[in-house]
Structure formats: C-alpha cells, structure tokens
Amino acid sequence: MFVCALFFCSASAQYNVKYISSDGDLVKMRCVGYANKAKEAVVDAELSAVKMVLFQGVSGEPRFSSPLISVTEREAVHENKKYFNDFYDGGYKRFVVSSEILTKLKKDASKRKSMTMDVTVNVRTLREDLERNGVIRKFGL
C-alpha cells in the first residue's frame with residue numbers, strides 16, 4: 001500500500017474530475033479512474049475527487065473553489081507522513097459519502113482502461129479531520 005501511496009503522490013496533479021452539484025457540505029463530482037482492474041479504477045476515481053478538494057479546489061462551486069490545503073501535495077505529504085500514509089491506505093474512504101459507477105472499465109480513446117463514476121465527498125468532515133490532525137489550522141486561527 002505504501003508503494004501505491006507513493007505512486008498517487010508522485011502522479012501529476014491533473015485529475016479528470018468535473019463538478020456536478022453540491023448540497024450543504026457535500027460536493028458531487030464526475031470522476032474518471034484509470035487502472036487495469038475495476039477495483040483499482042474505483043480507488044483512482046475516489047482519490048481524484050478527494051485530492052481535487054484537498055489540493056486544487058472544485059471549479060464551478062464557489063464555496064469549495066479554494067483547496068483545503070494551501071501547499072502542494074508533495075509538501076503536505078512530506079510534512080504529515082503518518083497522516084497521509086493512513087489516508088492513502090484507505091482512510092480517505094471516510095470522506096467519500098457515495099460513489100456510483102457510471103461506466104464499466106473499458107479502453108478510452110487513448111487506449112487506457114478507465115471507468116467513470118460520480119463521487120460525493122463530505123468537505124466539512126474532511127476539513128475537520130485535517131484540523132484535528134494538525135494538517136491545516138482551524139479557520140480564523
């Protein structure tokens with residue numbers, strides 16, 4: 001799993017994620033996961049959604065347009081190794097409220113295997129967890 005986390009951390013910060021809607025503290029995004037197996041593609045899509053909220057912000061939704069973490073992913077992981085090891089080892093799932101598979105795993109136009117999903121993330125719970133673990137400071141402090 002640690003090797004998997006390193007792969008996710010070293011990957012380009014370009015996620016195939018598009019804002020769909022929001023409801024209170026929940027934001028729903030359409031994500032594409034890339035992998036050779038369906039389970040891995042689900043993980044890739046869910047992590048893409050969560051990473052978008054964490055490191056880039058969600059374009060199209062003013063309340064979530066700013067990233068929760070103001071430093072790069074590489075810096076955040078380096079400064080909070082234990083937190084992100086646990087996070088990438090499945091801890092991120094606590095913040096994924098739902099994930100619905102829209103297309104089965106298939107080759108896309110670039111011949112990569114991909115799966116499209118709608119993923120809903122609880123931004124408030126994620127922010128509170130980051131604050132509680134010292135990854136970010138509480139709002140206003």
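Just a few scattered comments:
- Förster-model FRET efficiency, 25 Å R0, N16 and E131, C-beta, rounded to 0.05: 0.30
- Within a straight-line Cα-Cα reach of under 26 Å, K37 can be paired with the following lysines, leaving aside sequence neighbours fewer than 8 residues apart in one chain: K18, K28, K51, K93, K104, K106, K107, K111, K113.
- Multiplying the residue separation of K138 and S59 by 0.36 nm and removing their Cα-Cα distance gives an extension gain of 26.2 nm.
- The label-point distance for K113 and D23, in a model that sets each label 7 Å from Cα toward Cβ, rounds to 3.3 nm.
- Annotation note: chymotrypsin sites (Phe, Trp or Tyr not before Pro) in segment 62-141 located in DSSP loop regions with a Cβ neighbour count of at most 13 within 10 Å are F139.
- Once exposed loop trypsin sites (Lys or Arg not before Pro) are cut out (DSSP; at most 16 other Cβ, 10 Å), longest piece of the chain: 38-103
- The distance between label points at K37 and E100 comes to 2.7 nm (points 7 Å beyond Cα on the Cα→Cβ vector).
- Once the 1.4 Å probe is applied to the protein heavy atoms, the chain comes out at 60 Å² accessible per residue.
The values are calculated or read from the model by the stated rules, or taken from the named source; none is laboratory data. Values in this document were obtained by computation on a predicted structure and should not be read as measured data. Cβ sites come from the backbone with ideal geometry, for glycine too, and all protein chains shown count toward neighbours. What goes into the accessible areas is simple: the full protein's heavy atoms, side chains included, and nothing from ligands, DNA or RNA. Shrake-Rupley method; radii C 1.70, N 1.55, O 1.52, S 1.80 Å.
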